[in-house]
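Just below is one structure, and these are the notes that go with it.
The values are calculated or read from the model by the stated rules, or taken from the named source; none is laboratory data. For clarity, every value in this text was computed on a predicted model and none was experimentally measured. With ideal geometry, Cβ positions are generated from the backbone for all residues, glycine too; neighbour counts draw on all protein chains shown. Ligands, DNA and RNA are stripped out before the accessible areas are found, and what is left, the full protein with its side chains, is counted by its heavy atoms. Shrake-Rupley method; radii C 1.70, N 1.55, O 1.52, S 1.80 Å.
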Amino acid sequence: MSTIRDVAKVAEVSVATVSRVLNNKGYVNEDTRKRVEAAIESLNYKPNAVARSLFKKQSKMIGLIVPDITNPFFPQLARAVEDVTNQLGYTLVLCNSDEDIIKEQKYIEALNQKYVDGFIVVTSTLKAEHIKDLKVPIVALDRPINSDTPTVSVNNYDGARNATKYLIDAGCQKIAHVRGPHNVLPADERYRGYLDEVKDLIWYRPELIINGNFNINKTKEVTKKLLTVHPDIDGIFAGNDLMAVGVIKAAEELGIRIPEQLSIIGFDGITLCETTSPELTTMAQPIYNIGSKAVQILVDLIENRQLEQKNYSFSVDLIERQSTRSR
Ligand code: RIB
């Protein structure tokens with residue numbers, strides 16, 4: 001395989017001149033440029049990506065770190081990030097952190113050494129002190145890191161209030177909430193939205209809030225216990241779609257009919273919701289749009305363009321299906 005030295009020899013120029021032609025940087029007279037380009041073509045020289053990234057300290061790579069690739073929300077988000085990353089001339093490296101700060105820091109360090117050009121991170125653990133020495137731009141997606149870091153997310157609080165209000169308007173007389181993990185801001189905000197909608201209603205009790213940890217099986221177990229103690233619950237707002245699937249499975253095992261006896265609404269809008277039985281009513285996040293926007297912001301920062309806006313909060317949309325009584 002030809003090297004940059006072979007090209008320099010054939011074109012009778014220095015390696016530095018070949019680099020200037022390859023990187024289109026610095027002055028090269030037209031005849032010399034033509035000789036170098038002819039040598040590159042005749043030798044079928046392919047610049048070594050590692051050498052180029054070492055030379056330019058750029059790799060045209062973007063790192064995406066997500067907390068749980070087994071949750072369909074994140075592969076759908078990664079799909080959007082990858083599409084737009086490629087459209088803008090970059091390649092994507094996908095990392096799964098398991099919400100583990102050590103893993104997150106190891107990925108950032110490893111990709112930094114490969115001269116990744118920027119990061120998009122979904123994290124509830126990375127804090128400002130963990131990224132203060134980062135020399136490349138970072139965008140927080142779905143969950144903020146700090147006020148200095150550009151952030152793309154959705155309005156979880158309003159979405160949760162609308163989900164709960166939907167169940168009230170559908171005639172539900174006692175509504176529970178399956179919340180996600182504590183200290184994960186989207187889960188906390190959805191909990192707050194539910195609470196502000198029901199806290200003054202006569203039937204409200206704190207024990208109507210259970211923690212499903214964004215997980216199907218955990219939710220199935222805790223929901224079965226809840227519905228056994230409170231068989232008069234006729235509506236449940238689940239803080240993400242996987243937990244809503246757990247509620248559906250709990251109702252099935254208890255012989256509770258959906259939506260006649262129990263209405264269920266989720267949050268996320270993952271494609272899986274179209275395959276459950278009954279199909280799930282949910283508050284759908286614009287998953288593709290938030291992923292796309294995060295990449296656009298990051299590439300603007302990588303390519304030193306001024307950001308028109310640093311933070312974006314998208315609204316979520318109600319998708320009515322068969323898991324809720326009609327209003
Ligand atoms: O389902 C996974 C959840 O984690 C989603 O609701 C998303 O907003 C992220 O916070």
Q. Roughly how many debye, to the nearest 20, is the charge dipole of the chain about its Cα centre, given +1 on each Lys and Arg Cβ, -1 on each Asp and Glu Cβ, and no other charges?
A. 880 debye
Q: Only Lys, Arg, Asp and Glu count, each charged at its Cβ (+1, +1, -1, -1), so figure out the dipole size of the stretch 58-114 about its Cα centre, rounded to 20 debye.
A: 280 debye
Q | GNM top mover of 192, 79, 33 - the chain, alpha-carbon springs below 10 Å | A | 33
Q | Rg to Rh quotient for the chain, alpha carbon positions, Kirkwood Rh | A | 1.15
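Rounded to the nearest 20 debye, what is the charge dipole size of the stretch 156-286 about its Cα centre when +1 sits on each Lys and Arg Cβ and -1 on each Asp and Glu Cβ? Display every interim value, and only then the final one.
Numbers: 14 positive and 18 negative charges, 72 e Å.
Using Cβ point charges on Lys, Arg, Asp and Glu, the stretch 156-286 gives about 340 debye.
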Q: Would you mind getting the accessible area per residue of the stretch 156-286, heavy atoms of the protein chains only, 1.4 Å probe, in Å²?
A: 39 Å²
Q: Kindly give the semi-axes, whole Å and largest first, of the ellipsoid equivalent to the stretch 4-47, taking each as the square root of 5 times a Cα gyration tensor eigenvalue.
A: 14, 10, 9
Q | Cα principal axis extents for the stretch 53-182, largest first, Å | A | 66, 32, 27
**Q.** Rounded to the nearest 10 Å², the accessible area of residue 228 at probe 1.4 Å
**A.** 100 Å²
Q: Quick one, can you get me the convex hull of the C-alpha atoms of the stretch 269-311 expressed as volume per residue in Å³?
A: 58 Å³
Q: Return the aspartates and glutamates within reach of residue 46: Cα separation strictly under 15 angstrom, same-chain partners fewer than 8 residues apart disregarded; answer none if there are no such residues.
A: 6, 37
Q: Of the listed pairs 224/293; 174/249; 103/310; 60/106; 199/293, which have alpha-carbon separations greater than 31 Å here?
A: 224/293; 199/293
**Q.** Of all accessible heavy-atom area on the chain, the percent that carbon and sulfur account for (1.4 Å)
**A.** 50 percent
Q: Select from 93, 81, 152 the residue whose mean-square fluctuation is largest in a Gaussian network model of the chain (Cα-Cα springs shorter than 10 Å).
A: 93
Q | Karplus (6.51, -1.76, 1.60) ³J(HN,Hα), θ = phi - 60°, over the stretch 8-22, in Hz, Gly and Pro reported as x | A | 4, 5, 5, 7, 6, 9, 7, 4, 4, 5, 4, 4, 5, 5, 4
Q: With everything on Cα atoms, drop me the angle between helix 30-43 and the longest principal axis of the chain, reported from 0 to 90° to the nearest 10.
A: 70 degrees
Q: Mind checking which of 228, 195, 262 is farthest towards the positive end of the stretch 184-327's charge dipole, using Cβ charges of +1 (Lys, Arg) and -1 (Asp, Glu) about the Cα centre?
A: 228
Q. Debye sum, Cα scatterers, the stretch 156-286, no solvent: what log₁₀ I/I(0) at q = 0.14, 0.15, 0.16, 0.22 1/Å?
A. -0.50, -0.58, -0.67, -1.40
